[in-house]
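S.K.: I'd like to ask you about the structure that follows.
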Amino acid sequence: MAAKQFICSVADALGVFGLGQALRRTRAPYVRIVNYHQTPRHLANNFRSQLAFYRAHFDNADPARLDGVLNGSAQGVAILLSFDDGYRNNYNVAAPLLEEYGFTGWFFVSSGRVRGDFAGGLTADGEADDQFMSYTEMRDLLALEADQPSQQRVH
């Protein structure tokens, strides 16, 4: 793992990723999709680093950009960040970082795992001991979209 991180760091420092992106931008536009499940608080700095990399190398795949890629009117490479299953740490950790870095989050929630409003305790790392989002938390994510209709951060 350390060797892989070293190789990626060197390649990034040499501009290899940037060169590859520049070459890809001359071709037909496309969307790269990256899927996450859990985004635990103790790995938030790793997620932050990934978002910084994405911001440097990709455009945000918000709904308008996605439509543009699909109908052929967009240029370049966009990234779509999806979050599966409705884990609560997507709400507590990922959503604020997506806002900070200007990315749209596409949340795919398993309806059978949605819970009522949380009334329990916290684990040692400050996460709720029930691991899935509540209806209220999902409504909060949708309110982010309503508050920023021109950028539509959550879907």
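The values are calculated or read from the model by the stated rules, or taken from the named source; none is laboratory data. All of these numbers come straight from a predicted model, not from anything done at the bench. Methodologically, a virtual Cβ is constructed for each residue, glycine included, from the backbone with ideal geometry; neighbour enumeration extends over all protein chains shown. All accessible areas refer to the heavy atoms of the entire protein, side chains included, with ligands and DNA or RNA removed. Shrake-Rupley method; radii C 1.70, N 1.55, O 1.52, S 1.80 Å.
S.K.: Using beta carbons and a limit of 9 Å, which pairs, at least six apart or on different chains, have the first residue in the range 42-61 and touching a residue at least 40 places away in the same chain (Cβ under 8 Å) and the second one open to solvent by 80 Å² or more (accessible area, probe 1.4 Å) and part of a helix (DSSP H, G or I)?
M.R.: Arg48/Glu100; Leu51/Glu100
S.K.: Next up: Just give me the residues in the range 17-45 being part of a helix (DSSP H, G or I), at pLDDT 80 or above and out of contact with any helix residue (DSSP H, G or I) (no Cβ under 6 Å at 6 or more places or on another chain), in sequence order.
M.R.: His42, Leu43, Asn45
S.K.: Look through Arg65, Arg48, Arg113 and report the one residue that is on the phi < 0 side of the Ramachandran plot, open to solvent by 30 Å² or more (accessible area, probe 1.4 Å) and modelled with pLDDT of 95 or more.
M.R.: Selected residue: Arg48, the only one of Arg65, Arg48, Arg113 that is on the phi < 0 side of the Ramachandran plot, open to solvent by 30 Å² or more (accessible area, probe 1.4 Å) and modelled with pLDDT of 95 or more.
S.K.: Also: Considering only the range 53-62, I want to know if a residue exists there that is more than 11 Å from the chain's Cα centre (by Cα), open to solvent by less than 30 Å² (accessible area, probe 1.4 Å) and of a type in the set (Phe, Trp, Tyr).
M.R.: Looking through the range 53-62, at least one residue is more than 11 Å from the chain's Cα centre (by Cα), open to solvent by less than 30 Å² (accessible area, probe 1.4 Å) and of a type in the set (Phe, Trp, Tyr).
S.K.: With respect to Leu14, is the statement that it is open to solvent by 70 Å² or more (accessible area, probe 1.4 Å) and at pLDDT 95 or above true?
M.R.: In short, no.
S.K.: Could you go through the range 84-99 and let me know if any residue there is exposed (fewer than 15 other Cβ atoms within 10 Å of the Cβ) and assigned to a helix (DSSP H, G or I). Write out each step before concluding.
M.R.: Initially, the range 84-99 is screened for residues exposed (fewer than 15 other Cβ atoms within 10 Å of the Cβ), giving 96.
With assigned to a helix (DSSP H, G or I) added as a condition, the list becomes 96.
The answer is yes; a qualifying residue exists.
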